[in-house]
Amino acid sequence: MSAVIMDGKALGIKIRQSVKERALALKEKGIVPCLGVILVGDDPASLSYVKSKEKALAEAGMESRDIRLPESTSEEELLSIIDELNKDDKVHGILVQAPVPKHINEEKINDAVSPKKDVDCFHPESVGNMILGRRTFLPCTPHGVLELLREYNIPISGAHAVVVGRSNIVGKPLVNLLIRRQYNATVTLCHTGTKDLSYHTLQADILIAAAGSPCFIKPDMIKKGAVVIDVGINRVTDISEPKGYRLCGDVDPAVSLKASYYTPVPGGVGPMTIAMLLNNVIEAANTDCVNAVCVKAAY
Ligand code: GUN
């Protein structure tokens, strides 16, 4: 039997609709939720992500302050722009699209965004609060994965979740959220140093692939009936495609013949990341929230 396809696009639309209603309610109070979106350089994939975020903000009745900077932008210039956005009361959230060019220290950039506006949850204070279960914005992609599991009533409590990939954006925060009492999973984190990866992935009730390696999770690496979440979005050269590439995840789609649930790429986790970002911008703009920083999604 083929796996149930987990439709992140449909759930994303549902969440964005609710965000739109909350944005309207805020507008009636004279608050227009606004996200400062900074892109440095012209990486085509980053540009495409940033455009999708700005379009989604507009569709939800929110504003974006779109800032495009050349590759040659200095660290100092970028820090000064972030400082201006930190001080601007009309801007509720700030997003600096990662990765930034190599001559810019990403840690300094993450440190510069005020935690009150840190809708990505990249600032070390936000990350610390997230790990401790304190109030903070939740990181968008990990939160999107958890919401998708919730939508499909996947039991997480007591399940063995195996996360492949130790990135600061996905793997590390996801492990920390999954072990919260609220979710209660038993978690294994695998990475490039893991010996016998298949031994671990075969144990997974829920397998989450976030390693940035195209199609590397094969059917023989998963347990029959596992829930497989594919966080990867890889551009693979394909001259038969009009754009010269196609998108593929970290998981070989043939896995869907063995899994019980499966997220497609595109249309799985990707749209959830954007929906959760919009949710965080609403939280940031909602002055009813203590410190303008909330954990609980209200949709
Ligand atoms: N690059 C890849 N994913 C993300 C994300 O969620 N936020 C930001 N700022 N950059 C990214």
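The values are calculated or read from the model by the stated rules, or taken from the named source; none is laboratory data. Note that this is a predicted model, so its numbers are computed, not measured. Note: ideal-geometry Cβ built from the backbone for every residue, glycine included; neighbour counts use all protein chains shown. Just so you know, the surface numbers come from the protein's heavy atoms only, side chains and all, with ligands and any DNA or RNA stripped out. Shrake-Rupley method; radii C 1.70, N 1.55, O 1.52, S 1.80 Å.
Data overview
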{"item": "Cα-based convex hull, the stretch 108-171, per residue volume (Å³, whole number)", "result": "99 Å³"}
{"item": "Formal net charge of residues neighbouring Glu63 (Cβ-Cβ distance under 11 Å; K, R +1; D, E -1)", "result": "+1"}
{"item": "Relative contact order, percent, the chain [alpha-carbon distance under 8 Å, six or more residues apart]", "result": "23 percent"}
{"item": "Extension gain (nm, one decimal) between Thr287 and Thr194, 0.36 nm per residue minus Cα-Cα", "result": "29.0 nm"}
{"item": "The stretch 1-58 and the stretch 103-142: distance between their alpha carbon centers, rounded to Å", "result": "19 Å"}
{"item": "Accessible area, probe 1.4 Å, largest first, for residues Tyr199, Tyr49", "result": "Tyr199, Tyr49"}
{"item": "Equivalent ellipsoid, the stretch 168-299 (semi-axes from 5 times Cα gyration tensor eigenvalues, Å)", "result": "29, 21, 13"}
{"item": "Relative contact order (%) - the stretch 61-189, alpha-carbon pairs under 8 angstrom, separation at least six", "result": "16 percent"}
{"item": "Rounded, prolate or oblate (a/c below 1.5 giving rounded, otherwise prolate when a/b exceeds b/c) for the stretch 162-229 by Cα gyration tensor", "result": "oblate"}
{"item": "Cα-projected label distance for Asn153 with Asp88, points at 7 Å along beta-carbon direction, nm", "result": "4.6 nm"}
{"item": "The chain - accessible surface per residue (Å², probe 1.4 Å)", "result": "48 Å²"}
{"item": "Computed Kirkwood radius, in angstrom, where 1/r is averaged over Cα pairs of the chain", "result": "19.7 Å"}
{"item": "The stretch 9-61 - percent of accessible surface contributed by carbon and sulfur, probe 1.4 Å", "result": "58 percent"}
{"item": "Two-site FRET efficiency, Ile5 against Ser213, from Cβ-Cβ distance with R₀ of 22 Å, rounded to 0.05", "result": "0.50"}
{"item": "Between helix 75-87 and the chain: long-axis angle, C-alpha atoms, 0 to 90°, nearest 10", "result": "70 degrees"}
{"item": "Three-way shape label, the stretch 32-146, alpha-carbon gyration tensor, a/c 1.5", "result": "rounded"}
{"item": "222 nm mean residue ellipticity, helices alone, for the chain (DSSP H n ≥ 4; -39,500 (n - 2.57); rounded to 500)", "result": "-11000 deg cm²/dmol"}
{"item": "Within the chain, percent of DSSP bridges classed antiparallel, to nearest 5", "result": "10 percent"}
{"item": "Neighbourhood charge, 13 Å Cβ-Cβ cut-off, centred on Val163 and excluding it, Lys, Arg +1 and Asp, Glu -1", "result": "-1"}
{"item": "Gyration tensor (alpha-carbon) shape descriptor, the stretch 26-74, a/c threshold 1.5", "result": "oblate"}
{"item": "Solvent-accessible ranking of His191, His123, largest area first, probe 1.4 Å", "result": "His191, His123"}
